[in-house]
Amino acid sequence: MARTFIAVEMPEPLQRALDKISVNLRKQMVDLPIRWVNTHNIHLTLKFIGETDQAIIPRIAAAVADVAKRFPPFEISLTELGVFPNPNKPLVLWVGVQAPAPLAQLQQGIESALAQWGIPVEERPFHPHLTLGRVRREHRVANLKRIAEFMAAAKMEPSASARIDSVTLFRSDLKPGGSVYNPLSRSPLLGN
């Protein structure tokens with residue numbers, strides 16, 4: 001079994017912008033219980049699959065490639081800072097992504113293609129975002145309030161943007177220092 005997911009990798013211009021945003025937030029919230037995501041690991045998840053039988057990974061890769069080739073490359077940009085599930089309980093810190101309609105259509109196409117292999121369809125609506133950090137389990141209510149205040153006051157610098165031209169199937173290996181993401185296949189966006 002392998003823990004897998006499908007995502008869009010961040011091109012260099014977006015990685016640099018995310019690094020600036022992350023460094024700025026880390027400085028402001030240095031004493032708060034947040035596990036920050038390494039900026040080279042930040043990705044835009046299209047579908048989290050979870051534990052996957054190794055035998056069907058080639059079929060998943062082929063299904064993703066088949067969907068991806070129908071979509072043209074597109075531009076995405078960073079828009080805003082936010083938290084999940086809500087400002088009163090900020091457990092995940094994220095950067096929002098503005099993208100054209102093809103991103104949502106690509107995500108839906110992948111959901112539909114994988115459903116044919118028995119992979120459950122995500123019930124929550126697709127909300128394109130890039131996770132910067134997660135609040136640790138040992139948090140206190142006072143810390144959540146401070147995190148919410150920092151995030152509400154944080155400002156985005158001028159938005160960075162970049163062209164997206166592929167989708168990646170990843171394996172996620174849990175290590176003591178955090179997750180390590182290994183690409184299993186990359187599928188180019190080839191549509192006109």
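Can you tell me which of (1) crowded, with 18+ Cβ neighbours inside 10 Å; (2) more than 26 Å from Ser187 (Cα to Cα) is the one Lys47 doesn't meet?
(2)
Of Ser112, Ser185, which residue is farther than 19 Å from Ile42 by Cβ, assigned to a strand (DSSP E or B), at pLDDT 90 or above and more than 16 Å from the chain's Cα centre (by Cα)?
Checking each option against the conditions leaves just Ser185.
Filter the stretch 4-29 for residues that are outside any helix (DSSP H, G or I) and either loosely packed, with under 14 Cβ neighbours inside 10 Å or not aliphatic (A, V, I, L, M) (or both) and give the result.
The answer is Thr4, Phe5, Glu9, Pro11.
Within the stretch 81-119, which residues are out of contact with any Pro (no Cβ under 7 Å at 6 or more places or on another chain), buried (at least 20 other Cβ atoms within 10 Å of the Cβ), of a type in the set (Val, Ile, Thr) and closer than 23 Å to Asn24 by Cβ?
Val95
Restricting attention to the stretch 140-182, report how many residues are open to solvent by less than 30 Å² (accessible area, probe 1.4 Å) and assigned to a helix (DSSP H, G or I).
Of the residues in that region, 5 qualify.
Could you please let me know if Arg137 is of a type outside the set (Phe, Trp, Tyr), open to solvent by less than 90 Å² (accessible area, probe 1.4 Å), closer than 14 Å to Lys89 by Cα and not in a strand (DSSP E or B)?
no
Restricting the search to the stretch 141-161, which residues are charged (D, E, K, R), in contact (Cβ under 8 Å) with a residue 40 or more places away in the chain and farther than 30 Å from Glu75 by Cα?
Answer for the stretch 141-161, where residues must be charged (D, E, K, R), in contact (Cβ under 8 Å) with a residue 40 or more places away in the chain and farther than 30 Å from Glu75 by Cα: just Arg146.
Search the stretch 53-80 for residues being part of a strand (DSSP E or B) and open to solvent by 30 Å² or more (accessible area, probe 1.4 Å), and hand back the single one that is nearest to Trp36 (Cα to Cα).
At the first step, the residues of the stretch 53-80 found to be part of a strand (DSSP E or B) are 74-80.
So of that shortlist, the ones also open to solvent by 30 Å² or more (accessible area, probe 1.4 Å) come out as 75, 79-80.
Values: Glu75: 26, Thr79: 19, Glu80: 18 Å.
Among those residues, the one meeting the criterion is Glu80.
Could you tell me whether the stretch 31-43 includes any residue that is in contact (Cβ under 8 Å) with a residue 24 or more places away in the chain and closer than 20 Å to Pro102 by Cα?
Here is the first cut: in the stretch 31-43, the ones in contact (Cβ under 8 Å) with a residue 24 or more places away in the chain are 32-43.
Going one step further and asking which of them are closer than 20 Å to Pro102 by Cα, we end up with 43.
Yes: the stretch 31-43 contains one or more residues that are in contact (Cβ under 8 Å) with a residue 24 or more places away in the chain and closer than 20 Å to Pro102 by Cα.
The values are calculated or read from the model by the stated rules, or taken from the named source; none is laboratory data. Source: prediction; values computed, not measured. Don't worry about glycine lacking a Cβ; one is built from the backbone with ideal geometry, like all the others, and counts go over all protein chains shown. Accessible surface areas use protein heavy atoms only, side chains included; no ligands, DNA or RNA. Shrake-Rupley method; radii C 1.70, N 1.55, O 1.52, S 1.80 Å.
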